[in-house]
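Chemist: Got a structure for you, written out below as structure tokens; questions coming shortly.
The values are calculated or read from the model by the stated rules, or taken from the named source; none is laboratory data. If you're wondering where the values come from, they're calculated on a predicted model, not measured in any experiment. Cβ sites come from the backbone with ideal geometry, for glycine too, and all protein chains shown count toward neighbours. Keep in mind that these areas ignore ligands, DNA and RNA; they rest on the heavy atoms of the full protein, side chains included. Shrake-Rupley method; radii C 1.70, N 1.55, O 1.52, S 1.80 Å.
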Amino acid sequence: MRRNLLLLVTSFIFIISFGISTTVSLKSINRLIKENNRDNSVIYVNEVASSVVDIFSEAIAVSRSMNNTFTQILLSSKSPFPSEQKDKIITGYLKDIIHKFGYSAAFMIEDKTLAYYTEQKLAKYVDPSNPDDDWYIPFKESGKTYELNVDTDQVNNNMLIVYINTRMRDEQNNFLGVCGIGVPVRQVMQALQEIEISNNITIKLVSKEGNVRVARSGQIVMERTENEIRQALKTYNYSEPYLYNPHEGDAYTIIKYIPECEWFAVIDYDGEKKSSFSTILLRNLLICLTITLIVLISMSLVVGNFTKNTERFVEEALFDQLTGLKNRRSYQAELEKINAKQTFRTVTVATMDINGLKLTNDSFGHTAGDDLLKGAATAMKNYFSASGWKVFRTGGDEFVAITAKYIEDGNKVVEEFKEELTRFKHNQIKELSVSIGIAQGTKSEVNAIEELIKIADKRMYADKELFYSDSTHERRRR
């Protein structure tokens, strides 16, 4: 009797202890789930932004290319073509754009007559008082080079289109009109739908005013109304990469600004349905207690060891151990990706080479040389990585930085980076100097990323020549 009572008491104490430890564990797991959700949300919103940029970057480039010498002559007051002939030339030009690049719509508006041309015909005359055309005057007066506008294509069965409205101007910067191409909204939605379904999230693309521009059918009035989104956008800090707002349970909203299209990506996650942990535990506690403990301990050991090994292998495979930058294997993979996607005409490349590394090694030893390399890497992280560039160490003292962002002024990048280098301090090394060359795909006729890198290399070597032209720098030692 006493033995049975002792056994009962012992079992009771053990079960209570197990229940308490399980409750504590569940709370810890819930906290970890929230932390994991935040990490995942950053991955998702960056993937959405990347997909949107991939879709629109070429469309923007094509639209901007339509403002050329030929079209400027067509729309100028000194156009040599009669009205009827000019109409045919413009519609033929737009038809060629669609045929060459595969877009669903192309248009051109002549400002002096407000004639609206499509690839089919002179479709209408713009009437700014008409709600369908009320975008024209604000865009004309805004001074923007381009903007994205969602509207129906009245020529093509009122299909919903994202228009790339691009300013047309002559060499004297006189406003000539607006041109552009159209990307079907369904193309954007298909890309977003794949991300939504695979990650159990909802995605909306929202204008700066808080108006939902793109969302899957039925989602515009889902978890967050447009008014709620506008309130959230008021707190958005453009100097931060994203705005994360946790909600009840493990739900959240994350917002990221996409400067290429001046829209926000808004992702909502409503959380997993709550499981009845208590019911499951009570029903299976006595049967599965021992097995659960063994499995949890074994899994903890195995997963912990596997995670550590995996992280170590990934780091060794893709990152340079000395500088912490991505290594040459990552660099080659990035080049293959850019060539495969044919985005080399929209990227900007910076090639860099440290000056005087051999002299530092010979004078102060390889430890000082490593300090020089790490100092240069730190400057690259602070300037390039912090601005969204991908930075690679491709050789001993050679580095490459790549960005998909449009860079207006390459010389400004060079000046600002060299200013960052002046922050380097060392008790033996007096100067950290890096030769740099910038090449912009938007300003170069290239057919592969390697050609753009060669252009950057040529400019980098010119910068190096300038460095060694100073008599205080010894040329034979790089």
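Chemist: Of all residues in segment 246-267, which are outside any loop (DSSP other than H, G, I, E, B) and open to solvent by 50 Å² or more (accessible area, probe 1.4 Å)?
Modeler: Taking segment 246-267 as the starting set, the residues that turn out to be outside any loop (DSSP other than H, G, I, E, B) are 246, 252-258, 263-267.
Passing the criteria: only 246.
Chemist: Is it fair to say residue 243 is under 25 Å from residue 407 (Cα atoms), of a type outside the set (Ser, Thr, Tyr), open to solvent by less than 40 Å² (accessible area, probe 1.4 Å) and free of Cβ contacts under 8 Å to residues at least 24 places away in the same chain?
Modeler: yes
Chemist: Here's another thing I want to ask about it. How about segment 138-186: which of its residues are touching a residue at least 24 places away in the same chain (Cβ under 8 Å), open to solvent by 10 Å² or more (accessible area, probe 1.4 Å) and among the β-branched types (Val, Ile, Thr)?
Modeler: Matches in segment 138-186: 145, 150, 155.
Chemist: List pairs: first residue in segment 450-466 and under 13 Å from residue 354 (Cα atoms), second residue aliphatic (A, V, I, L, M) and surrounded by 20 or more Cβ atoms within 10 Å (Cβ to Cβ) anywhere in the structure, Cβ distance under 7 angstrom, at least six positions apart or on different chains.
Modeler: Close Cβ pairs satisfying both conditions: 460/352; 460/436; 463/436.
Every residue, every condition in (1) within 26 Å of residue 51 (Cα to Cα); (2) at pLDDT below 95; (3) touching a helix residue (DSSP H, G or I) at 6+ places or on another chain (Cβ under 6 Å), yes or no:
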position: 397; (1), (2), (3): no, yes, yes
position: 401; (1), (2), (3): yes, no, no
position: 408; (1), (2), (3): yes, yes, no
position: 412; (1), (2), (3): no, yes, no
position: 423; (1), (2), (3): no, yes, no
position: 432; (1), (2), (3): no, yes, yes
position: 436; (1), (2), (3): no, no, yes
position: 441; (1), (2), (3): yes, yes, yes
position: 448; (1), (2), (3): yes, yes, yes
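Chemist: Of all residues in segment 190-214, which are farther than 19 Å from residue 147 by Cα and without any contact (Cβ under 8 Å) to a residue 60 or more places away in the chain?
Modeler: Passing the criteria: 190, 193, 194, 196, 197, 198.
Chemist: OK, next. For segment 398-425, which positions are open to solvent by 50 Å² or more (accessible area, probe 1.4 Å) and in a loop (DSSP other than H, G, I, E, B)?
Modeler: 404, 405, 406, 408, 409, 422, 423, 425
Chemist: Restricting to segment 359-397, count the residues that are surrounded by fewer than 22 Cβ atoms within 10 Å (Cβ to Cβ) and assigned to a strand (DSSP E or B).
Modeler: The total comes to 1.
Chemist: Taking segment 180-214 on its own, how many of its residues are small (Gly, Ala, Ser) and farther than 21 Å from residue 60 by Cα?
Modeler: 2
So that you can scan it fast, the table gives a plain yes or no per residue for (1) modelled with pLDDT of 90 or more; (2) under 21 Å from residue 266 (Cα atoms); (3) open to solvent by 80 Å² or more (accessible area, probe 1.4 Å); (4) out of contact with any strand residue (DSSP E or B) (no Cβ under 9 Å at 6 or more places or on another chain):
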position	(1), (2), (3), (4)
28	no, no, no, yes
37	no, yes, no, no
68	yes, no, no, yes
71	yes, no, no, no
78	no, no, yes, yes
81	no, no, no, yes
85	yes, no, yes, yes
90	yes, no, no, no
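Chemist: Which of the residues that make up segment 106-134 are part of a strand (DSSP E or B), open to solvent by less than 70 Å² (accessible area, probe 1.4 Å) and among the hydroxyl-bearing types (Ser, Thr, Tyr)? Give the derivation first.
Modeler: Here is the first cut: in segment 106-134, the ones part of a strand (DSSP E or B) are 106-110, 115-118, 122-125.
Now narrow it down to the ones that are open to solvent by less than 70 Å² (accessible area, probe 1.4 Å): 106-110, 115-118, 122-124.
Matches in segment 106-134: 116, 117, 118.
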